[in-house]
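Peer 1: Here's a structure for you.
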Amino acid sequence: MNIARIGFTPVKGGRHMTHEVTELTVDGPVGDRVFCLVDPSRGRVLRTVENPSLLQASARWQDGVLTVVLNGQTLEGIPFPSGETLDVDYWGRTAAVHGCIGPWAQAYSKHLGYDVVLARAGTTGEVVYGASVTVVTTPSIHLLEERLGREVDSARFRSTFLVDIGDSTAHVEDSWVGRELQLGTATVRVRAVVPRCAVVDLDPVTGRRDAPVLRELSRYRHRQGEISYGVDAVVTVAGRVRTGDQVRLGRA
């Protein structure tokens, strides 16, 4: 088994970007979902499922500089704190985020058609749903492709890691719950299967709804009132993970 893709984004809800290497800390991948967009009129963190055009924005976060490409425009700078702390709703719980000064809010507001604020999470994982690391496998992707009769970009599932396990059984990752995985020099403990929503129906680059992925998953992945795909995990040993690194299944 090896790492086929590493993916995450510094701005929650935006396009899931491919990375050659990531550092995993006990809080998850460094640079993952550091920022979010907030609708101040509703006091909520924006959700991709309600704002699919967020996928048209790609972002990079390196050496303190945030770079966002949106509608052919590159917005780059250091997101200085505005001094405003916002207590906002994030999937039914209150999250503390800090407003940022820079060109991003205006560009996103124009793109979305209503005013939003770029904010930085008050603590690591503040705007992360579930565990900090998610994993899907190539046989699970291939099975879905067969059922849909089309190629499926794994970025639809916005997983931290796509693991290539050759000709193994689809959804074998379900059996990893409670066990450890060594990824490069890091170790994670698989926590649970991941419930899915209609975001998986969206093209991961355009945000257009272009495939009935959730409906198809509901036909064979509907369990206990949820449609699941992939697993999530918590980091137990920090380390570096590179594309191509071996993945080893450890103890329960």
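Peer 1: Scanning region 216-252 for residues that are at pLDDT 95 or above and among the acidic types (Asp, Glu), which turns out nearest to Gly149 (Cα to Cα)?
Peer 2: Glu216
Peer 1: Further question on the same structure: Which one of these is open to solvent by less than 40 Å² (accessible area, probe 1.4 Å) and within 20 Å of the chain's Cα centre (by Cα): Val234, Val205, Val199, Val193? Reasoning before the result, please.
Peer 2: On the way: Val234 fails: open to solvent by less than 40 Å² (accessible area, probe 1.4 Å); Val205 fails: open to solvent by less than 40 Å² (accessible area, probe 1.4 Å); Val193 fails: open to solvent by less than 40 Å² (accessible area, probe 1.4 Å).
From the options Val234, Val205, Val199, Val193, the qualifying one is Val199.
Peer 1: Further question on the same structure: Quick check on my filter: what residues within region 110-128 are touching a Phe, Trp or Tyr at 6+ places or on another chain (Cβ under 7 Å) and either buried (at least 22 other Cβ atoms within 10 Å of the Cβ) or over 21 Å from His19 (Cβ atoms) (or both)?
Peer 2: Answer for region 110-128, where residues must be touching a Phe, Trp or Tyr at 6+ places or on another chain (Cβ under 7 Å) and either buried (at least 22 other Cβ atoms within 10 Å of the Cβ) or over 21 Å from His19 (Cβ atoms) (or both): Val116, Leu118, Ala119, Val127.
Peer 1: While we're looking at this one, here's another question. Val135: part of a loop (DSSP other than H, G, I, E, B), within 18 Å of the chain's Cα centre (by Cα) and within 26 Å of Gly31 (Cβ to Cβ), yes or no? Steps first, answer last, please.
Peer 2: Working: part of a loop (DSSP other than H, G, I, E, B): no; within 18 Å of the chain's Cα centre (by Cα): yes; within 26 Å of Gly31 (Cβ to Cβ): yes.
So Val135 does not fit the description; no.
Peer 1: May I ask you to list the residues in region 50-60 that are of a type outside the set (A, V, I, L, M) and either more than 15 Å from Gly92 (Cβ to Cβ) or open to solvent by less than 20 Å² (accessible area, probe 1.4 Å) (or both)? Working first, answer last.
Peer 2: Kept after step one, since they are of a type outside the set (A, V, I, L, M), are these residues of region 50-60: 50-53, 56, 58, 60.
Correct list: Asn51, Pro52, Ser53, Gln56, Ser58, Arg60.
Peer 1: Taking region 176-200, which residues are farther than 28 Å from Val21 by Cβ, touching a residue at least 40 places away in the same chain (Cβ under 8 Å) and not in a loop (DSSP other than H, G, I, E, B)?
Peer 2: Ala198
Peer 1: Just to be sure before I move on: is Thr85 open to solvent by 20 Å² or more (accessible area, probe 1.4 Å), hydroxyl-bearing (Ser, Thr, Tyr) and touching a Ser or Thr at 6+ places or on another chain (Cβ under 9 Å) in the structure I sent?
Peer 2: Criteria not met by Thr85.
Peer 1: When the residues of region 212-231 are filtered to those that are in contact with a helix residue (DSSP H, G or I) (Cβ under 6 Å, 6 or more places away or on another chain) and assigned to a helix (DSSP H, G or I), which remaining residue is surrounded by the fewest Cβ atoms within 10 Å (Cβ to Cβ)?
Peer 2: That would be Leu214.
Peer 1: For the condition open to solvent by 60 Å² or more (accessible area, probe 1.4 Å) and either part of a helix (DSSP H, G or I) or of a type in the set (Val, Ile, Thr) (or both), what is the one hit in Glu151, Glu173, Glu146?
Peer 2: Details: Glu151 fails: either part of a helix (DSSP H, G or I) or of a type in the set (Val, Ile, Thr) (or both); Glu173 fails: open to solvent by 60 Å² or more (accessible area, probe 1.4 Å).
Going through Glu151, Glu173, Glu146 in turn, just one is open to solvent by 60 Å² or more (accessible area, probe 1.4 Å) and either part of a helix (DSSP H, G or I) or of a type in the set (Val, Ile, Thr) (or both): Glu146.
Peer 1: Have a look at Ala131, Ala107 and point out the one that is surrounded by 15 or more Cβ atoms within 10 Å (Cβ to Cβ), farther than 30 Å from Tyr220 by Cα and of a type in the set (Gly, Ala, Ser).
Peer 2: Numbers: Ala131 fails: farther than 30 Å from Tyr220 by Cα.
It is Ala107.
Peer 1: Considering only region 63-98, state which residues are without any contact (Cβ under 8 Å) to a residue 24 or more places away in the chain, over 15 Å from Arg120 (Cβ atoms) and not charged (D, E, K, R).
Peer 2: The answer is Thr67, Val69, Gly72, Thr74, Gly92, Thr94.
Peer 1: For region 93-119, enumerate the residues that are of a type in the set (D, E, K, R), at pLDDT 95 or above and closer than 15 Å to Val45 by Cβ. Can you show your working first?
Peer 2: Step one: of region 93-119, the residues of a type in the set (D, E, K, R) are 93, 110, 115.
Subset that is at pLDDT 95 or above: 110, 115.
Across region 93-119, the qualifying residue is only Asp115.
Peer 1: Between Thr94, Thr137, which is among the polar types (S, T, N, Q), exposed (fewer than 14 other Cβ atoms within 10 Å of the Cβ) and in contact with a strand residue (DSSP E or B) (Cβ under 6 Å, 6 or more places away or on another chain)?
Peer 2: Numbers: Thr137 fails: exposed (fewer than 14 other Cβ atoms within 10 Å of the Cβ).
From the options Thr94, Thr137, the qualifying one is Thr94.
Peer 1: For the structure I just gave you, tell me whether Glu76 is at pLDDT below 95 and either of a type in the set (D, E, K, R) or surrounded by 19 or more Cβ atoms within 10 Å (Cβ to Cβ) (or both).
Peer 2: Values: at pLDDT below 95: no; either of a type in the set (D, E, K, R) or surrounded by 19 or more Cβ atoms within 10 Å (Cβ to Cβ) (or both): yes.
It is false that Glu76 is at pLDDT below 95 and either of a type in the set (D, E, K, R) or surrounded by 19 or more Cβ atoms within 10 Å (Cβ to Cβ) (or both).
Peer 1: Only one residue in Arg42, Arg15, Arg33, Arg47 is in a loop (DSSP other than H, G, I, E, B), in contact with a Lys or Arg (Cβ under 6 Å, 6 or more places away or on another chain), of a type in the set (D, E, K, R) and open to solvent by 30 Å² or more (accessible area, probe 1.4 Å), so which one is that? Write out each step before concluding.
Peer 2: Numbers: Arg42 fails: in contact with a Lys or Arg (Cβ under 6 Å, 6 or more places away or on another chain); Arg15 fails: in contact with a Lys or Arg (Cβ under 6 Å, 6 or more places away or on another chain); Arg47 fails: in contact with a Lys or Arg (Cβ under 6 Å, 6 or more places away or on another chain).
Just a single option satisfies the conditions, and that option is Arg33.
The values are calculated or read from the model by the stated rules, or taken from the named source; none is laboratory data. Keep in mind the model is a prediction, meaning the values are calculated, not measured. Because the Cβ atoms are built from the backbone with ideal geometry, glycine has one as well, and the counts that use them run over all protein chains shown. Heads up: the accessible areas ignore ligands, DNA and RNA and are worked out on the full protein's heavy atoms, side chains in. Shrake-Rupley method; radii C 1.70, N 1.55, O 1.52, S 1.80 Å.
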